[in-house]
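Nothing in this text is a laboratory measurement; each read-out follows from the coordinates by a stated rule. The model shown is predicted, which means the values in this text are computed figures rather than measured ones. Note that we place each Cβ from the backbone using ideal geometry, even for glycine, and neighbour counts take in every protein chain shown.
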Protein chains: 2
Amino acid sequence: MARKSNSKQVILDAAEAVVMEVGAGHMSLDLVAKKAGVSKGGLMYNFPSKEALLKAMITRLIEQFYVDREKKIKDLKKSGPGAFLKAGILASFEHDDKRSRMGLSILAASAHNPGLLEPLKQAYQAHVKEMLDSGLKFEPAEIVSLAADGLMFWELFRLSPFNENQREKIKKEMLRMIDQLEVEKE
Amino acid sequence: MARKSNSKQVILDAAEAVVMEVGAGHMSLDLVAKKAGVSKGGLMYNFPSKEALLKAMITRLIEQFYVDREKKIKDLKKSGPGAFLKAGILASFEHDDKRSRMGLSILAASAHNPGLLEPLKQAYQAHVKEMLDSGLKFEPAEIVSLAADGLMFWELFRLSPFNENQREKIKKEMLRMIDQLEVEKE
DNA sequence: ATAAGTATACCGACTGGTCGGTTTGTTTGT
DNA sequence: ACAAACAAACCGACCAGTCGGTATACTTAT
C-alpha cells in the first residue's frame with residue numbers, strides 16, 4: 001500500500017453525518033465527499049459507486065451490532081438461555097450519537113435500493129435463530145425482542161414519544177420478563 | 001363545483017404504487033402522473049408540490065389507521081380497558097395490499113423530508129395516550145404495543161423473517177397477554 | 001333560449017438545477 | 001520509476017416546478 005489510509009472509515013462517517021443532516025433521500029456523493037474532506041474522485045476511488053458506499057454502510061452497521069452485542073454478553077456474567085436476547089436488547093437501548101447515526105444507513109439504503117438491506121435480513125434472521133436456539137419459548141421471547149425493535153424503529157424515524165425515564169422503565173420490564181422466561185424454563 | 005372529480009384519490013393510489021415499484025427514493029412526479037393516467041400539469045393542479053402530495057399520503061395513512069382501528073373496536077363486543085390496544089394490534093396485523101402499500105408512504109415522506117412525519121408522531125402519541133388512559137399498566141402495555149409496531153416496521157422494510165404461522169402465533173400471544181393485563185387490573 | 005363570460009380541471013413542452021458517474025491530470029509514498 | 005491515492009472539471013440523465021394554452025361545465029344578462 002502506497003500510503004496508509006483510513007479514508008474509507010472517514011467517508012463512511014461523513015455519509016452518516018450527511019444523511020443525518022439532509023435526510024436519507026438527499027445523500028449525494030458530492031455532499032459526502034465535501035463532508036469527508038475528500039474530492040469526488042477520492043470518494044469514487046474508495047467506493048466505485050453509490051451502491052458500493054451504501055453497501056459498506058450496511059455492512060458496518062451489522063458488524064457494529066455484533067460487536068455491541070458481544071460486549072453486552074460479556075457484561076452479563078450469568079449466561080442463561082436469555083443471554084442473546086438480553087444482550088440484543090441492551091445493545092439496542094444504547095444510543096449514543098454513533099449508534100443513532102448508523103441506524104440512518106438503513107433509511108438511506110432503503111431509499112436508494114431496498115435490495116441493499118438483504119444482508120440485514122440475513123443478520124436479523126441469524127440473531128432470531130440464536131435467541132431461540134438457546135431454549136426460550138418462541139412467542140414471548142419474540143414479543144420482547146420485537147418490542148425493542150419497535151422502539152428502535154420509532155426512534156430511527158425520530159417519532160418516539162417516550163422520554164428517558166419511560167425508556168428506562170420499558171427496558172427494566174423487558175429484562176424482568178426475560179428473567180421470568182428463564183425461570184419458567186427450569 | 002364544475003365537475004366532480006376523484007383524481008386526488010387516483011393520484012394517491014398511483015403514488016403508493018410507484019413507491020412500491022421503484023422504491024421510496026425514486027418516486028418522481030412524472031412516474032406518478034403516468035401511473036395515474038394524468039399529465040404532469042394535472043398532477044400539479046391537484047397537488048401543487050411534491051411535498052403537498054407526500055403530506056396528503058401521510059394524512060390518508062393516518063385516517064385509514066383510525067378507520068381500521070374503529071372497525072376492530074366494534075368487532076370486539078367486550079370493551080375492556082385493553083380495547084384500544086387490542087384494536088390497534090388487530091388493525092396492524094391486517095395486511096392486505098392496500099395497508100402494506102400505505103405504509104410505504106412513511107418511507108417516501110421520510111426520504112424526501114422527515115419533517116413530513118410530524119402528523120404521524122402526533123397521531124401515535126394520541127394513540128399511546130388513549131391506550132394508557134383506559135387504565136392499563138404502562139410498561140407491559142407498551143411492550144405489547146411496541147412489539148406489534150416492531151413487526152410492522154420489519155415488514156415495511158420487507159425484512160420480516162416470520163411466516164404466516166409464526167405471525168399468527170405472535171398475535172395470539174399478544175392478545176392473551178392483554179387479557180392477562182385486564183384480569184390483573186380487576 | 002342562448003350567447004358571453006367565468007371557473008374548474010387538465011395538458012405538455014420547457015427550464016433551471018441536481019446528481020451519479022467519467023475522464024484526465026496531479027501528488028505522494030516506496 | 002511506478003502505482004496508489006487523490007483532485008477537478010465535465011457529461012448526460014433525470015427531475016421538480018413553471019407556464020401558456022385547452023376543454024368542459026356552470027352562471028348570468030338579455
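Taking amide hydrogens as placed 1.01 Å from N in the peptide plane, the amide H of A:Ser160 sits under 5 Å from those of A:Glu155, each at least 5 positions away in sequence or on another chain. Extent of the range A:58-185 along its three principal axes (Cα atoms, max minus min coordinate, largest first): 45, 32, 26 Å. Helix B:50-75 and the longest principal axis of the C-alpha atoms of chain B enclose an angle of approximately 30°.
Pull out a ≥ b ≥ c, the square roots of the eigenvalues of the alpha-carbon gyration tensor of the range A:31-86, then state rounded if a/c is under 1.5, prolate if not and a/b is larger than b/c, and oblate in the remaining case. Cα axes put the range A:31-86 in the prolate bin. Under 1.5 on a/c is rounded, so check that first for the range B:104-170, then, if it is not, pick prolate when a/b is larger than b/c and oblate when it is not; a ≥ b ≥ c are the square roots of the alpha carbon gyration tensor eigenvalues. Taking the square roots of the gyration eigenvalues as a ≥ b ≥ c, the range B:104-170 is oblate. Residue by residue, the range B:83-91 carries 3J(HN,Hα) couplings of 4, 4, 4, 4, 5, x, 5, 4, 5 Hz when phi is fed to the Karplus relation 6.51 cos²θ - 1.76 cosθ + 1.60 (θ = phi - 60°); x denotes Gly or Pro.
Using DSSP to define loop residues, name the GluC sites (Glu not before Pro) in the range A:67-150 whose beta-carbon has at most 14 other beta-carbon atoms within 10 Å.
Passing both the DSSP loop test and the Cβ count: A:Glu94.
Under 10 Å, Cα contacts only: if you run a Gaussian network model on chain B, which one of B:Gly88, B:Gly80, B:Gly41 comes out with the highest mean-square fluctuation? Of B:Gly88, B:Gly80, B:Gly41, the most mobile in the Gaussian network model is B:Gly41.
Modelled label positions at A:Gln180 and B:Asp75, each set 7 Å beyond Cα in the direction of Cβ, lie 2.7 nm from each other. Estimated from the Cβ-Cβ distance and a Förster radius of 30 angstrom, the FRET efficiency linking B:Ala126 and B:Gln166 is about 0.45. Under the criterion of Cα pairs below 8 Å and six or more residues apart, the relative contact order for the range A:60-186 equals 33 percent.
Per-residue 3J(HN,Hα) values for the range A:145-150, derived from phi via the Karplus relation 6.51 cos²θ - 1.76 cosθ + 1.60 with θ = phi - 60°, read 4, 5, 5, 4, 5, x Hz in sequence order (x marks Gly and Pro). Computed over chain A with a Gaussian network model linking Cα atoms closer than 10 Å, the most mobile of A:Leu159, A:Leu107, A:Leu151 is A:Leu159. With the gyration tensor restricted to C-alpha atoms of the protein assembly as shown, the semi-axes of the equivalent ellipsoid amount to 34, 31, 16 Å, longest first. The tail of the calculated P(r) for the range A:75-121 beyond 16 Å holds 55 percent of all Cα-Cα pairs.
Sorted from greatest to least, the principal axis extents spanned by the alpha carbons of the range B:1-72 come out as 39, 36, 19 Å. The separation of the range A:133-186 from the range B:43-110, counted between C-alpha centres, amounts to 25 Å.
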